[in-house]
Structure formats: structure tokens, C-alpha cells
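For reference, the structure discussed in these notes is given below.
The values are calculated or read from the model by the stated rules, or taken from the named source; none is laboratory data. From a predicted model like this one, the values you see are computed outputs, not experimental measurements. Here the Cβ is made from the backbone with ideal geometry for all residues, glycine too, and neighbour counts use every protein chain on show.
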Amino acid sequence: MKTRITEMFGIKHPIVQGGMHYVGFAEMAAAVSNAGGLGIITGLTQGTPEKLANEIARCKDMTDKPFGVNLTFLPAVNQPDYPGLVKAIIDGGVKIVETAGNNPQQVVGPLHDAGIKIIHKCTSVRHSLKAQSIGCDAVSVDGFECGGHPGEDDVTNFILLPRAADELEIPFVASGGQADGRSLVASLAFGADGINMGTRFIATKEAPVHENVKQALVEASELDTRLVMRPLRNTERVLTNDAVERLLEKEKQLGSDIKFEDIVEEVAGVYPKIMSDGEMDAGAWSCGQVAGLIYDIPTVQELVDKIMSDAESIIRERLAGLL
Ligand SMILES: Cc1cc2nc3c(=O)[nH]c(=O)nc-3n(C[C@H](O)[C@H](O)[C@H](O)COP(=O)(O)O)c2cc1C
């Protein structure tokens, strides 16, 4: 399957693995890239330019295929060294960067000067158009169903994707709720040039996370995610657990007076406890409604191959047969 995204990134299949905190290590990115998609290392999980440089080098040892690095710009207690991280990306010879969160304008010039393509992840048509206007090469359009930060507009992909197709000139991938061949075909029908998956890639053999996390995804249904931090306008879709229910209770009690300090226990520093140690009630961790479509823990290669072969038979048999 050839699309503007496979051509732009030099990949075999139009499937991107979005940056994921404490999941997007070299093992994850390399597995996706080796399977023909685009794997992405999460820059801020590494934190420092030195550690990111080391992770990029490790990934290069595991794959000779293109892979990217995610740079997320969100409110943070300690601001990361973005110029240093950009330098590590450039020096490491990475050719694709996924930006996300706030406007990535500060890194567009330096990355483009180094011949790096930028795909910006955003949750609205207006932010997608802004990304296009500041020179991003592609966007990842993230619907309300997505795991992580869906923004504050609450528009699901059934509307958001065709709206993006109506407005954008640069190519985009459909992000949020993507799980299988049906997702890919539907996204292509809406005008996307591929898909971006987060949650689904966590439930794979190679994902470098604790088995408890993978099992939790298999067991979860589409009803098991919650939106937290809405009063702080930093909404995150997470899998429910004891800590999340406690957090929501605090939000209810404190109303608009709530401050980040009130929920530190439930959100700060929880990723290593969940992802590495498998302490499933340690705090809030991102998860999409797509959890309801996760029934197994295949290898990344099996997952990607099945998405592509199912997409092909849906197009050739079911859809062509309707005409
Ligand atoms: C556990 C987890 C951590 C994530 N961390 C990040 C992150 O650090 N930066 C980012 O841009 N997106 C992050 N995301 C969002 C994903 O890159 C992707 O946009 C999203 O998962 C797509 O929705 P889906 O989960 O329905 O596939 C995260 C998602 C998950 C599930």
C-alpha cells in the first residue's frame, strides 16, 4: 500500500507508533520499524540529551529501517532541555520527529535545516492548519477517543478526520481508536494517508512494559477509560483504577479551585511504577477507548501484518463486492 505517508517517511506500511511515555523505548520503536511501520522513541522519557543520544544509538543497533523521535511540549514542572534534545536527534541521524502538545515552532527551523521531516500531533482542525502554516510536513490528527491528551474540543474521529481532509493540504494520519484493518480502511476512506496507534502497540510481545499492563489492556473494555485533569485544561484519557477514581473524587470535591498540587500523588512520577513495576493502581496512565478492541498480545510483526492483510481483504472483497 502506497500513500503520501509511506512515501514521505520511506516506510512499507502506513502505520505509525505514536510516542508513549515509558513505552517508546528503543525496543518498541525498533519492533515497529522492523515490521514495516514507523516506530517512535519518546524523547522526554529519556529526559536528557545524553540519554536520548544513547537510546537513538540503541535503536540503530536494532533496526536499519527509519524510526522517529517524539518531542512533547506540555506543561512540565521542570522544563526539558529542548535545544539539547534536538541536537541529540540531529547528531543521531534521525530523519523524522513527531512533535506534540504546544506549538512546536521553536524546533521547526533547526529540524528542517537538518533535513528532518516533522509530523505534528494535534487534536483539532485549527491546530492542524496552524501546524501546516508553520511548515510541518504532516500531521497526526488525534480524535477524542485517543489515549493520552485529547484536548478540550471533544470531537471524535468520525467528524474530525473528514474535517481535516476538507481543510488540509499536507498529508495526515488518523490517530485515536486505531486497532485493526477496519480502522485503517475507515481512516483511508476519511482521507487520511495512514494511521497512528498508541494503546494497541502496548499490548504486544515486544512492548517493553510489565505483563500486568498488557493484561489490563486485554481485560479492559471501551467503557473503562476516564478523563482526568479536565478542570486544569490538561485533559488526559486514562485507564480507570483506584488512583483514578480517587483523583476524580478530588476533582468533584474541589471543583474549579483544584490545583496540580492537589493531585500530584495520582499523576506525578507514576509511569515507571506502572510500566516497569506493574503496580496497576499506582496512578493515572494514558489509555484509549480502543482498549475495548484489544483481545490478544501478538508480536508487533503479527499485528502489523494482520492489519495490512485484513485491510486488503476489506477493500478487495467486502467493499469492492458491494459495488
Ligand atoms: C501510555 C501512553 C503514553 C503516551 N505518551 C505520550 C507522550 O509522551 N507524548 C505524546 O505525544 N503522546 C503520547 N501518547 C499518545 C499516543 O502517542 C497516541 O497519540 C495515542 O495513544 C493515540 O490514541 P490510541 O491510544 O487510541 O491509539 C501516549 C499514549 C499512551 C497510551
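Of all residues in the range 93-106, which are outside any loop (DSSP other than H, G, I, E, B) and under 19 Å from the mean Cα position of the chain (by Cα)? Can you show your working first?
First pass over the range 93-106, keeping only residues outside any loop (DSSP other than H, G, I, E, B): 96-101, 105-106.
Those that are outside any loop (DSSP other than H, G, I, E, B) and under 19 Å from the mean Cα position of the chain (by Cα): I96, V97, E98, T99, A100, G101.
So, N241, is that one buried (at least 21 other Cβ atoms within 10 Å of the Cβ), of a type outside the set (A, V, I, L, M, F, W, C) and closer than 17 Å to P272 by Cα or not? Lay out the reasoning, then the answer.
On the way: buried (at least 21 other Cβ atoms within 10 Å of the Cβ): yes; of a type outside the set (A, V, I, L, M, F, W, C): yes; closer than 17 Å to P272 by Cα: yes.
For N241, the condition - buried (at least 21 other Cβ atoms within 10 Å of the Cβ), of a type outside the set (A, V, I, L, M, F, W, C) and closer than 17 Å to P272 by Cα - is met.
If you take just the helices (runs of 4 or more DSSP H) that sit entirely in the range 147-203, which of them hold at least 2 residues that are among the charged types (D, E, K, R)?
Those helices (runs of 4 or more DSSP H) span 157-167.
Output the residue which, of all residues in the range 225-237 that are among the β-branched types (V, I, T) and either assigned to a loop (DSSP other than H, G, I, E, B) or touching a Gly at 6+ places or on another chain (Cβ under 8 Å) (or both), is surrounded by the fewest Cβ atoms within 10 Å (Cβ to Cβ). Break it down into steps so the answer makes sense when it comes.
Of the range 225-237, the ones among the β-branched types (V, I, T) are 225, 228, 235.
Subsequent filtering for residues that are either assigned to a loop (DSSP other than H, G, I, E, B) or touching a Gly at 6+ places or on another chain (Cβ under 8 Å) (or both) retains 225, 235.
On the way: T225: 25, T235: 19.
Result: T235.
Within the range 99-128, which residues are away from the ligand (no atom under 14 Å from the Cβ), touching a helix residue (DSSP H, G or I) at 6+ places or on another chain (Cβ under 6 Å) and hydrophobic (A, V, I, L, M, F, W, C)?
A114, V125
Here is a list of conditions, (1) within 16 Å of the ligand (Cβ to nearest atom); (2) more than 27 Å from N34 (Cα to Cα); (3) among the aliphatic types (A, V, I, L, M), and V300 meets all of them except one; can you say which number that is?
(2)
Against the definition (at pLDDT 95 or above and within 14 Å of the chain's Cα centre (by Cα)), how does V125 come out, yes or no? Working first, answer last.
On the way: at pLDDT 95 or above: yes; within 14 Å of the chain's Cα centre (by Cα): no.
No; evaluated as a whole, the condition is false for this residue.
Please specify each residue of the range 214-224 satisfying the condition of being assigned to a loop (DSSP other than H, G, I, E, B) and either among the charged types (D, E, K, R) or surrounded by fewer than 18 Cβ atoms within 10 Å (Cβ to Cβ) (or both). Write out each step before concluding.
Kept after step one, since they are assigned to a loop (DSSP other than H, G, I, E, B), are these residues of the range 214-224: 220-224.
Once the filter is applied, which keeps residues that are assigned to a loop (DSSP other than H, G, I, E, B) and either among the charged types (D, E, K, R) or surrounded by fewer than 18 Cβ atoms within 10 Å (Cβ to Cβ) (or both), the range 214-224 yields S221, E222, L223, D224.
Exactly one of (1) part of a loop (DSSP other than H, G, I, E, B); (2) loosely packed, with under 13 Cβ neighbours inside 10 Å; (3) at pLDDT 95 or above; (4) not hydrophobic (A, V, I, L, M, F, W, C) is unmet by G269. Its number?
That leaves (3) as the condition not met.
Which of the residues that make up the range 15-58 are within 16 Å of the ligand (Cβ to nearest atom), out of contact with any strand residue (DSSP E or B) (no Cβ under 9 Å at 6 or more places or on another chain) and of a type in the set (D, E, K, R)?
Result: E27, K51.
Looking only at the range 133-170, count every residue that is among the polar types (S, T, N, Q) and more than 16 Å from the ligand (Cβ to nearest atom) and tell me the total. Before you say what the answer is, go through the steps one by one.
At the first step, the residues of the range 133-170 found to be among the polar types (S, T, N, Q) are 133, 140, 156-157.
Still in the list and also more than 16 Å from the ligand (Cβ to nearest atom): 133.
Qualifying residue count for the region: 1.
Among (1) within 30 Å of K12 (Cβ to Cβ); (2) touching an Asp or Glu at 6+ places or on another chain (Cβ under 9 Å), which single condition is Y295 missing?
(2)
Would you check which residues across the range 66-83 are of a type outside the set (S, T, Y) and either under 19 Å from the mean Cα position of the chain (by Cα) or within 11 Å of the ligand (Cβ to nearest atom) (or both) and list them?
Those that are of a type outside the set (S, T, Y) and either under 19 Å from the mean Cα position of the chain (by Cα) or within 11 Å of the ligand (Cβ to nearest atom) (or both): P66, F67, G68, V69, N70, L71, F73, L74, P75, A76.
Please indicate, with yes or no, whether at least one residue in the range 19-31 is assigned to a strand (DSSP E or B), within 28 Å of F260 (Cα to Cα) and not aliphatic (A, V, I, L, M). Reasoning before the result, please.
Going through the range 19-31, the residues assigned to a strand (DSSP E or B) turn out to be none.
So far as the range 19-31 goes, no, none of its residues is assigned to a strand (DSSP E or B), within 28 Å of F260 (Cα to Cα) and not aliphatic (A, V, I, L, M).
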